[in-house]
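> After the structure tokens below, expect a handful of questions from me.
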Amino acid sequence: MANGKSVHKLRRVYVWEQPVRIYHWLNALVILVLIATGFYIADPLALQSSKEASQQFTMGWVRMIHFIASYIFFFNFLFRIYWGFVGNKYANWKQFIPTSRRFFREMWQVFKMDILMLRGKEHMSVGHNAMAGFIYFFTFLAFLVQCVTGFGLYASMSTGWWFPKLFAWVPAMFGGDFFLRQVHHWTMWFFILFTVIHVYLVFYHDYVEGRGEISSMGGGWKFIEEDVFEKGMDVPNEPTKS
Amino acid sequence: MDNATMQKSPTYLEEFKRKGYSRKDFLKFCTLMAAYLGLENSSVGQVVQALSNKPRLPVIWLHFQECTCCSESFIRSSHPIVADVLLDQISLDYTETLMAASGHQAEEAMKNTMTKYKGEYILCVEGSVPTAADGVYCMIGGKTSLQILEEAAEGAKAIIAWGSCASNGCVQAAKPNPTSATPIHKLVKGKPVIKVPGCPPIGEVMAGVIVHVVTFGRLPELDGLGRPKAFYSKRVHDTCYRRPYYDAGLYVESFDDENAKKGYCLYKVGCKGPSTYNACGVTKWNNGVSFPIQSGHGCFGCSEENYWDNGRIYQRASAFPGFGIESTADMVGKVALGVTAGALAAHAVMTNVRKKKLIKGLEKEGKESEKELKD
């Protein structure tokens with residue numbers, strides 16, 4: 001970036017397609033709901049009520065909300081995997097799984113510039129930077145763990161259709177429900193920590209890059225400097241244009 | 001089970017009559033068992049038929065690292081025929097606790113059963129097998145538990161692992177498991193092993209498993225963990241009479257509070273019913289008198305693998321591995337959250353210091369643009 005020399009020429013880039021944005025916010029909403037209801041299920045409040053038990057269904061409702069949210073979460077997650085194959089290059093699975101040396105080079109660069117705060121060349125990634133993409137790969141693994149452990153716990157208490165029964169093998173793999181629900185509870189903390197760091201970094205990138213990072217998940221646009229187009233440094237996994 | 005030697009053995013009905021039970025008692029017993037097995041009304045005849053005509057099943061009952069609570073539970077199951085006939089008559093072939101013979105005579109009896117009924121007898125094992133120090137921690141008649149098990153398992157038709165010790169090691173396999181107590185299914189290969197976990201398992205459940213084998217000539221349907229589905233497919237929670245309080249959100253907060261007197265759900269004082277697969281809520285204990293939750297104490301989770309290490313008795317949350325026994329995932333999580341928040345605050349400060357030039361550049365650029373814009 002040519003600091004202070006002149007005013008940048010920025011170009012509008014459609015980074016996050018509408019399905020990605022809908023996925024993102026739906027995911028954010030259901031994760032919030034799942035965490036809140038999950039905490040309640042793990043340690044319910046001490047309710048004081050003069051009503052008969054037959055007139056109340058507090059835990060029942062909370063669990064129902066948790067289960068509905070978990071279905072949305074699961075199928076939203078499946079959709080995102082699908083979109084990783086048909087969406088634009090910023091949504092592609094190659095953003096998350098390293099397939100080139102350039103990916104690792106950019107991760108190292110992000111580590112130096114954004115974490116160690118060393119001075120040097122800023123990375124010019126447009127979508128996720130390589131480090132972010134790789135961390136998202138782990139969030140997808142955490143999604144998978146939560147879905148498998150959650151539906152594993154749910155399988156034996158579900159009475160309806162076949163889908164939850166697909167996870168009936170899970171408790172046996174974990175040696176029973178005791179350990180399974182602990183893993184489910186531990187993994188939730190990964191989501192909380194991730195969310196805090198994620199939201200911070202969105203503000204951070206908006207602040208130091210000035211490309212509209214925060215609003216990009218609203219309209220899908222980021223505003224990219226002209227010289228990035230010239231150097232062709234937008235996608236970490238694609239070979240550098242000469 | 002139709003070989004010549006077996007035909008000479010008396011049938012169950014003959015044994016019952018010899019013991020002085022009437023046919024009415026016998027039919028009651030058959031109906032009871034059919035109900036426990038989850039059979040339809042029309043299948044009672046099948047049980048009657050089988051127990052009237054089939055010769056009694058030869059059983060060898062071994063005891064290793066255990067407390068004999070499984071045997072105690074078995075002889076206290078609700079119908080006296082279970083104790084009097086199933087155990088007395090069937091397993092008298094060899095069972096250290098209840099057989100009349102001792103010493104060499106007893107060993108002789110076991111050897112006889114093993115050769116006479118090779119491939120036909122059911123091997124019941126109570127207790128885990130210690131494998132540390134070449135098995136010296138549990139030896140009978142000069143042989144280690146493992147040697148005895150392997151000898152007896154070779155000619156067995158099937159193996160029933162009674163109780164949590166034999167199914168998953170129970171207390172002696174809890175950390176640090178000094179004797180390397182090992183459950184039966186990990187030691188015996190190539191033989192079907194039915195796990196009947198519980199500390200102890202319910203007597204009726206134990207009788208039900210044997211009656212199923214006798215009636216249908218095959219093992220009951222097992223779940224993913226090797227337990228009979230008829231008794232272990234539902235959680236204690238699912239059949240608990242306090243379940244409506246759980247769904248309503250009404251919980252005992254401490255054992256001496258008003259909610260405890262009202263009989264609210266014991267979830268928050270550590271009941272493990274929601275994670276425990278057993279028939280306690282339906283079958284209950286000691287002739288259907290009660291079960292732990294009914295007497296005001298949460299479920300222990302005694303039929304679940306690793307229940308000693310996996311949880312706390314009076315709390316829902318368990319220790320987070322690597323952070324000491326007092327820790328919980330939430331405590332560790334809150335500290336991690338605090339550390340993260342601190343690190344991010346430091347990062348924010350450092351950003352303003354180290355990237356000052358960059359940020360100033362952006363600000364300057366923005367201000368220049370602002371001035372160029374005309375109102």
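> Top mean-square fluctuation among B:Ser164, B:Ser145, B:Ser43, Gaussian network model of chain B, C-alpha springs under 10 Å?
B:Ser43
> Sketch the reach of a paramagnetic label on A:Phe138 as a point 7 Å from Cα along Cα-to-Cβ, and name the residues of segment B:300-320 whose backbone nitrogen lies under 13 Å away.
none
> For helix B:356-372, report the angle its Cα long axis makes with the longest principal axis of the Cα atoms of chain B; keep it between 0 and 90° and round to the nearest 10°.
That works out to roughly 60 degrees.
> Oh, and also: Picking from B:Val339, B:Val44, B:Val214, which is most flexible by a Gaussian network model of chain B using Cα springs under 10 Å?
Result for chain B, Cα springs under 10 Å: B:Val339 fluctuates most.
> Let me ask another. Within 10 Å of each residue's Cβ, count the other Cβ atoms and sort B:Leu222, A:Leu78 from fewest upward.
Neighbour counts put them in this order, fewest first: A:Leu78, B:Leu222.
> Ok, one more. Could you name the lysines in cross-link range of B:Lys28, using Cα to Cα under 28 Å and dropping any fewer than eight places away on the same chain?
Here the lysines satisfying the reach criterion relative to B:Lys28 are B:Lys8, B:Lys17, B:Lys19, B:Lys54, B:Lys195, B:Lys229, B:Lys234, B:Lys284.
> Continuing with the same structure: For A:Val202 and A:Thr159 in one chain, what is 0.36 nm times their gap in residues minus the Cα-Cα distance, to one decimal in nm?
11.2 nm
> In deg cm²/dmol, rounded to 500, what helix-only [θ] at 222 nm does chain B give when every DSSP H run of at least 4 residues adds -39500 (n - 2.57) and the total is split over its residues?
-12000 deg cm²/dmol
> Sticking with this one: Can you tell me the 0 to 90 degree angle between the C-alpha axis of helix B:145-154 and the longest principal axis of chain B, rounded to 10?
60 degrees
> Among B:Glu40, B:Glu14, B:Glu363, whose mean-square fluctuation peaks in a Gaussian network model of chain B (Cα, cutoff 10 Å)?
B:Glu363
> Measure nothing fancy, just the Cα-based angle from helix A:58-86's long axis to the longest principal axis of chain A, in degrees from 0 to 90, nearest 10.
Result, in degrees: 30.
> Is the shape of segment B:330-372 rounded, prolate or oblate, going by the alpha carbon gyration tensor and its root eigenvalues a ≥ b ≥ c, with a/c under 1.5 for rounded and a/b larger than b/c for prolate?
prolate
> Any idea how far apart A:Met117 and B:Gln315 come out in nm if each label point goes 7 Å out from Cα toward Cβ?
Calculated label separation equals 3.8 nm.
> If you don't mind, another one. Out of the DSSP beta bridges found with both residues in chain B, what percent are antiparallel (nearest 5)?
35 percent
> If amide H atoms are built 1.01 Å from N in the plane of the peptide, which residues on other chains or at least 5 residues away come under 5 Å of the amide H of B:Ser290?
Close amide H contacts, sequence-distant or interchain: B:Trp285.
> Another question about this same structure. With a Förster radius of 51 Å, plug the Cβ-Cβ distance of B:Leu27 and A:Asp43 into 1/(1 + (r/R0)^6) and report the FRET value to the nearest 0.05.
Result of the calculation: an efficiency of 0.50.
> Between segment A:114-139 and segment A:154-228, how many Å separate their Cα centres?
What the calculation gives is 19 Å, centre to centre.
> OK, next. What list of ³J(HN,Hα) couplings, whole Hz, do you get for segment A:128-140 from phi and the Karplus terms 6.51, -1.76, 1.60, once you set θ to phi - 60° and write x for glycine and proline?
6, 6, 4, 5, 4, x, 5, 5, 4, 4, 6, 5, 5
> If I take every Cα pair under 8 Å that is 6 or more residues apart in segment B:236-310, average their sequence separation and divide by the length, what percent do I get for the relative contact order?
31 percent
> Answer rounded, prolate or oblate for segment B:183-240, using the Cα gyration tensor with square roots of eigenvalues a ≥ b ≥ c: rounded when a/c is under 1.5, else prolate when a/b is larger than b/c, else oblate.
oblate
> Using modelled backbone amide H atoms (1.01 Å from N, in-plane), which distant-in-sequence or interchain residues come within less than 5 Å of B:Thr328's amide H?
The list, which skips near neighbours in sequence, is B:Phe320.
> Using a basic spin-label model with each label point 7 Å from the Cα along Cα→Cβ, how many nm lie between B:Val289 and B:Glu372?
Taking the two extended label points, one gets 9.1 nm.
> Let me ask something else about it. Once you place label points 7 Å from the Cα toward the Cβ at A:Ile97 and A:Tyr14, how far apart are they in nm?
2.7 nm
> Please arrange B:Met33, B:Met331, A:Met124 by how many other C-beta atoms lie within 10 Å of their C-beta, fewest to most.
With the sparsest Cβ surroundings first, the list reads B:Met331, A:Met124, B:Met33.
> Once every DSSP H run of n ≥ 4 in chain A is given -39500 (n - 2.57) and the sum is divided by its residues, what mean residue ellipticity at 222 nm do you get, rounded to the nearest 500 deg cm²/dmol?
Result for chain A, helices only: -19500 deg cm²/dmol.
> Got a sec? Charge dipole of the protein assembly as shown, +1 on Cβ for Lys and Arg, -1 for Asp and Glu; which of A:Gly219, B:Ser167, B:Cys240 is way out at the positive end?
A:Gly219
> Based on other C-beta atoms within 10 Å, arrange B:Tyr241, A:Tyr136, B:Tyr121 from fewest to most.
B:Tyr241, A:Tyr136, B:Tyr121
> Continuing with this model, one more query. Per 0.36 nm of contour for each residue apart, how much would the distance between B:Ser102 and B:Gln46 grow if the chain were fully extended, relative to their Cα-Cα spacing?
16.4 nm
> In terms of modelled amide H atoms, which long-range or inter-chain residues lie less than 5 Å from the amide H of B:Leu62?
B:Cys124, B:Val125, B:Glu126
Every number in this text was worked out from the coordinates using simple rules, so none of it is lab data. Keep in mind it's a predicted model, so treat the numbers as computed, not measured. Methodologically, a virtual Cβ is constructed for each residue, glycine included, from the backbone with ideal geometry; neighbour enumeration extends over all protein chains shown.
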